[in-house]
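Asker: Can you read through this structure? Questions will come right after.
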Amino acid sequence: MTLHAASRDALGFAETRLDEVLGDAGTNPSAVGEELLSVVELLTREVGLRRSVGDGSSDPEARKRLVRSLLQGKVSEPALGVLDTVVGSRWSSPRELLDGLETVARKALLISADKAGKLDTVEVELFQLARIVEARPELERALSDQVGSVSGRRSLLRGLVGEKVDAVTLVLAEQVVARPGGRGIATGIDALVEQAAAYRSKSVAYVRSATELTGGQREQLTARLEQIYGRRLALHVQVDDKVGAGLVIRVGDEVIDGSVAGRIEALHRQLAG
């Protein structure tokens, strides 16, 4: 997600407000997250409404009144408090407001997982689900098919994971399926992996290996990569027999290819040149 300066400021205000409302005793972060995601879906469907609440040239108080008139009694007061800040702020575009609201909603769900001691589980499950979708192009196409209904895509996803994943994992993945954009489902789920890692002040290192790494190997690799990149990393390993010996590692846009397959491909490119 790319946000312009005004939108980055607005997102910061919204996340601060989220932290405030979730700090109140008795507030359920999972419920707030799901309510905010329902508003994301509403604004995705209703283009005119999205433009109205995202119009930075209009009166912020009027935008707040509009949202409350539509949602009072339908979502909780904590969710409305977050929405007041979202629609009362100045965003660079209505689309960026929608993206920012989605980010805040996801953060609420990640906070709920963290409070339940399940954040690591959710992050790993999302990574594994992204790899399943990535390996099956026909599944990727079906889950991102804009011709079919959102409910149909969600049903397909639920049929795929059943009760095998945490409830927060499923809600987050369903949101990607409901609003895939142009990035693809696997990439969209990987964005959730990265947001979960960022919540713990970490970046993600994606690793492909021909064999499963032991706990000790993971620790050593993580320590070495953190030395190289100068920041904390969450290591996610995919077993891929096409890699051959060695590893393929991606951190952000940088790829370290130490695999046999990568060296052969590099040699082919040199010969072709």
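Asker: Just tell me the longest site-free run in the chain, where the sites are GluC sites (Glu not before Pro) in a DSSP loop having at most 15 other beta-carbon atoms within 10 Å. Write out the running numbers ahead of the final one.
Answerer: Details: sites that count: Glu46, Glu163, Glu212.
In short, 47-162.
Asker: Based on the Cβ-Cβ distance of Glu46 and Lys242, what FRET efficiency does E = 1/(1 + (r/R0)^6) give at R0 = 41 Å, to the nearest 0.05?
Answerer: Numbers: r = 45 Å, r/R0 = 1.09.
Here the calculated transfer efficiency is 0.35.
Asker: Strictly greater than 25 Å: what percent of every Cα pair in the range 1-116 meets that? Please report the intermediate quantities before stating the final value.
Answerer: Numbers: 899 of 6670 pairs.
Summing the P(r) tail past 25 Å for the range 1-116 gives 13 percent.
Asker: Additional query: Give, in whole angstrom and from largest to smallest, the semi-axes √(5λ) of the equivalent ellipsoid of the range 105-158, with λ running over the eigenvalues of the Cα gyration tensor.
Answerer: Working through the eigenvalues yields semi-axes of 26, 15, 8 Å.
Asker: Relative contact order of the range 97-221: what whole-number percent is it, with Cα pairs under 8 angstrom and at least 6 residues apart? Don't skip to the answer; put the middle values down first.
Answerer: Working: 86 pairs, mean separation 39.6, N = 125.
Answer for the range 97-221 is 32 percent.
Asker: Related question: Normalising by the residue count of the chain, find the relative contact order in percent from Cα pairs under 8 Å and 6+ residues apart. Could you put the intermediate results ahead of the total?
Answerer: Working: 340 pairs, mean separation 43.6, N = 273.
Here the relative contact order equals 16 percent.
Asker: For the chain, what does the helix formula give at 222 nm: sum of -39500 (n - 2.57) over DSSP H segments with n ≥ 4, over the residue count, nearest 500 deg cm²/dmol?
Answerer: Numbers: 13 runs with 179 residues, N = 273.
Roughly -21000 deg cm²/dmol at 222 nm, from the helical runs in the chain.
Asker: What FRET efficiency, computed as 1/(1 + (r/R0)^6) with R0 = 45 Å and r the Cβ-Cβ distance, is obtained for Glu265 and Asp120, rounded to the nearest 0.05? Display every interim value, and only then the final one.
Answerer: Numbers: r = 34 Å, r/R0 = 0.76.
Approximately 0.85, to the nearest 0.05.
Asker: Each label point is 7 Å from the Cα along the Cα-to-Cβ direction; what then is the distance between the points at Asp9 and Ser69, in nm?
Answerer: Result for the modelled spin labels: 2.8 nm.
Asker: Mean-square fluctuation check for the chain, GNM, Cα pairs under 10 Å: which of Thr16, Thr214, Thr187 is largest?
Answerer: Thr214
Asker: Defining a contact as two alpha carbons under 8 Å apart and six or more residues distant in sequence, what relative contact order in percent does the range 1-116 show? Let's see the in-between values first.
Answerer: Details: 137 pairs, mean separation 54.3, N = 116.
After rounding, I find 47 percent.
Asker: Can you compute the radius of gyration and Dmax for the range 203-272, using only the Cα atoms, both in Å?
Answerer: 12.8, 40
Asker: Among Ser30, Gly12, Val53, pick out the residue whose Cα is farthest towards the positive end of the charge dipole of the range 1-116, where Lys and Arg carry +1 and Asp and Glu carry -1 on C-beta, about the Cα centre.
Answerer: Val53
Asker: Just how large is the dipole of the chain about the Cα centre, in debye to the nearest 20, putting +1 at every Lys and Arg Cβ and -1 at every Asp and Glu Cβ? Before the final figure, lay out each step's value.
Answerer: Details: 36 positive and 39 negative charges, 69 e Å.
Dipole about the Cα centre, nearest 20: 340 debye.
Asker: Antiparallel versus total DSSP beta bridges in the chain: what percent is that, nearest 5? Before the final figure, lay out each step's value.
Answerer: Working: 9 of 17 bridges.
The antiparallel fraction comes to roughly 55 percent.
Asker: Using DSSP to define loop residues, name the trypsin sites (Lys or Arg not before Pro) in the range 193-247 whose beta-carbon has at most 11 other beta-carbon atoms within 10 Å.
Answerer: Answer by residue number: Arg231, Lys242.
Asker: Looking at the range 203-272 only, what percent of DSSP beta bridges run antiparallel? Nearest 5 please. Show your work: numbers first, answer last.
Answerer: Working: 9 of 16 bridges.
The answer is about 55 percent antiparallel.
Asker: Using θ = phi - 60° and the Karplus relation 6.51 cos²θ - 1.76 cosθ + 1.60, list the HN-Hα couplings for the range 3-19 in order, rounded to whole Hz, with x at every Gly or Pro.
Answerer: For the range 3-19, the Karplus-derived couplings read 10, 6, 4, 4, 5, 5, 5, 4, 5, x, 4, 5, 5, 5, 5, 4, 4 Hz, x marking Gly and Pro.
Asker: In addition: Within the accessible area of the range 203-272, what % is carbon and sulfur when the probe is 1.4 Å and the other protein chains stay in place? It would help to have the intermediate numbers written out before the result.
Answerer: Values: 2250 of 4350 Å².
Of the solvent-accessible surface of the range 203-272, carbon and sulfur hold 52 percent.
Asker: State the Cα centre-to-centre distance between the range 50-82 and the range 221-241 in whole Å.
Answerer: The two parts, judged by their Cα centres, are 42 Å apart.
Asker: Apply 1/(1 + (r/R0)^6) to the Cβ-Cβ distance of Arg141 and Glu20, taking R0 = 51 Å, and write down the FRET efficiency to the nearest 0.05. Walk me through the numbers on the way to the answer.
Answerer: Working: r = 42 Å, r/R0 = 0.81.
Result of the calculation: an efficiency of 0.75.
Asker: Here's another thing I want to ask about it. With a probe of 1.4 Å, find how much accessible area the chain has per residue, and write the answer as a whole number in Å². Don't skip to the end; give the middle numbers.
Answerer: Numbers: 13660 Å² over 273 residues.
So the chain comes to 50 Å² accessible per residue, rounded to a whole number.
Asker: Evaluate 2.2 N^0.38 Å with N set to the residue count of the chain, then give the Cα radius of gyration divided by it.
Answerer: Details: Rg = 20.6 Å, N = 273, 2.2 N^0.38 = 18.5 Å.
So the chain has a normalised radius of gyration of 1.11.
The values are calculated or read from the model by the stated rules, or taken from the named source; none is laboratory data. Small disclaimer: the values here were computed from a predicted structure and weren't measured. A quick note on method: Cβ atoms are made from the backbone with ideal geometry, for glycine too, and the neighbour counts reach across all protein chains shown. Calculation scope for accessible area: heavy atoms of the full protein, side chains included, ligands and nucleic acids excluded. Shrake-Rupley method; radii C 1.70, N 1.55, O 1.52, S 1.80 Å.
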